[in-house]
Amino acid sequence: MKAEIITIGDEILLGQVVDTNSAWLGQLLDSLNITVHQIVSISDSREAISHALDEAAKRSDFIIVTGGLGPTKDDVTKETIASFFQTTLIRDEQVLSHVKSIFEKFGNGRTMPVMNYGQADVLACSEVLFNDVGTAPGMWVEREGRCFVFLPGVPFEMRFLMEKRVSPKLAAFRSEHSIYHAHVITMGIGESYLAEMIADIEAELPSYIRLAYLPKLGTVRLRLSAVGREAVTLKKETDAFARRIASRTEEYLVAEKDVTIEEAIVEKFTADGIRLAIAESCTGGLLAGSITAVPGASAMFDCGIVAYHNRIKQQVLGVDEEVLKAFGAVSEQTVIQMAEGVKRLGDATYGIATSGIAGPTGGTPEKPVGTVWIAVAGPSETVTQLFHFRNDRHVNIERSMAQALNMLWKLYKKDKGK
């Protein structure tokens, strides 16, 4: 069975909105043993919508369309898909009553605009997917052995309809084959070096198990994807290969499941009773934010200090004024005192400090843009490293965060092995 996702919206093509719907839908469908073979983003035009539906019908069995179901004149999706299915739009009184009730509740006494009546118009050939959390209903259409689902683009409305209305109906469309994924998460080694390290294991993989390298700044996620009829056997065999890879890459191993580096750190530190504190200059609080974004981080995170100004470095973190005068804010000596200071301030097990010149201005011949010092203070030692990144501010900050977490993880594993 082949599934396809079509997202409608000029705002997606212009980069004004990030298409999170497709990522979420892909994960949900994968959990239901339905494989997504195609994802397409198109503009809010009749021609683009008609063409996308026509092409999808040729190559896919299950098509999900999100977006374009709003009440304004630029939303032409319903009229276009009515033409595609050679049907008409009819007004659903239950949906209309629901839309009116929402305006009565949140409209501050104002009359519902006439254009919103159109949100109750649905395809005559469709099964209405009632939207309890919004005004635009979804629609389910079966035609010539294919299934089309039309959903609003608002993420929380789309997710509600998929979970409550669509998923229960998908049993008939699920593949007889099982799909299973195993993951190995590594940090501190490049993709090509990793591939060389496990080349012999990869060569032994049977045709129904595929290995994908999914690199991100500082990390490489390895995903083993298996397809077969015997779910139990498939899982056992795939897990065995994943375990061999994890054992081979032990030095760089973070986790043997699909988690982010931050999630792995929160989980491991919580289990080991370890506390973390972070002092940031060039990363501006984003490093601490990436940790605290993980549910349960309060069990292991003590504090985060954004010490941009030298006065804060001195008064809050205890950096010596003479150190700042002699070596500057972007120096090994300063980040050592920052890391040890925030560790002491938070009464933490580990303290991280970042200080650098993210750019695009502020560099000097001695310390050009992209110069970053990072320190990690642990129970028995403080480690430091100097990095020379490039001129892009955003990338410099992301690389600084990735390297800080990498240094933290390496010191943690070293301490754990003592």
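Across segment 135-171, the qualifying residues are those that are among the aromatic types (Phe, Trp, Tyr) and within 16 Å of SER60 (Cα to Cα), and the one among them that is nearest to the chain's Cα centre (by Cα) is PHE150. Specify the residue that is most open to solvent (accessible area, probe 1.4 Å); the eligible residues are those in segment 147-158 that are of a type outside the set (A, V, I, L, M) and over 30 Å from GLY218 (Cβ atoms). Only one residue fits best here, namely PHE156.
Counting only residues that are touching a helix residue (DSSP H, G or I) at 6+ places or on another chain (Cβ under 6 Å) and modelled with pLDDT of 95 or more, segment 21-42 holds 5 of them.
Conditions tested, residue by residue: (1) farther than 16 Å from GLU157 by Cβ; (2) of a type outside the set (Ser, Thr, Tyr).
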residue	(1), (2)
HIS37	yes, yes
ASP61	yes, yes
ILE64	no, yes
SER97	yes, no
GLU104	yes, yes
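Residues in segment 287-303 that are among the hydrophobic types (A, V, I, L, M, F, W, C) and either open to solvent by 20 Å² or more (accessible area, probe 1.4 Å) or in a loop (DSSP other than H, G, I, E, B) (or both): ALA293, VAL294, ALA299, MET300, PHE301, CYS303. A count restricted to segment 21-38 and to residues that are under 11 Å from THR66 (Cα atoms) and either of a type in the set (Ser, Thr, Tyr) or over 20 Å from the mean Cα position of the chain (by Cα) (or both) stands at 1. The residues of segment 288-326 that are under 22 Å from the mean Cα position of the chain (by Cα) and at positive phi amount to a single one, GLY296.
In segment 178-189, the residues that are under 11 Å from LEU211 (Cα atoms) form Cβ pairs under 6 Å with partners that are among the aliphatic types (A, V, I, L, M), at six or more places apart or across chains, as follows: ALA182/LEU224; ALA182/ALA242; VAL184/LEU222; VAL184/ALA242; VAL184/ILE245; VAL184/ALA246. Look through segment 235-271, keep the residues that are open to solvent by 60 Å² or more (accessible area, probe 1.4 Å), acidic (Asp, Glu) and assigned to a helix (DSSP H, G or I), and return whichever of them is farthest from TYR193 (Cα to Cα). Only one residue tops the list, namely GLU267. If you scan segment 252-301, which residues turn out to be of a type in the set (Asp, Glu) and in contact with a strand residue (DSSP E or B) (Cβ under 9 Å, 6 or more places away or on another chain)? Residues satisfying the conditions are GLU256, ASP258, GLU263, GLU267, GLU280.
Those strands (runs of 3 or more DSSP E) of segment 166-234 in which at least 2 residues are touching an Asp or Glu at 6+ places or on another chain (Cβ under 6 Å) and open to solvent by 30 Å² or more (accessible area, probe 1.4 Å), considering only elements entirely within it, cover 209-216. With respect to the conditions (1) more than 22 Å from GLY188 (Cβ to Cβ); (2) in contact (Cβ under 8 Å) with a residue 24 or more places away in the chain, GLU332 falls short on a single one, namely (1). Number of residues in segment 148-165 that are closer than 11 Å to ASN131 by Cα, of a type in the set (Phe, Trp, Tyr) and not in a helix (DSSP H, G or I) equals 0. ALA23 falls short on exactly one of the conditions (1) in a helix (DSSP H, G or I); (2) touching a Lys or Arg at 6+ places or on another chain (Cβ under 9 Å); (3) loosely packed, with under 15 Cβ neighbours inside 10 Å, and that condition is (2).
The values are calculated or read from the model by the stated rules, or taken from the named source; none is laboratory data. Because the structure is predicted, anything quoted here is derived from the model rather than measured. Counting neighbours? That spans all protein chains shown, and the Cβs are built from the backbone with ideal geometry, glycine included. We work out accessible area using only protein heavy atoms, side chains counted, and drop any ligands, DNA or RNA first. Shrake-Rupley method; radii C 1.70, N 1.55, O 1.52, S 1.80 Å.
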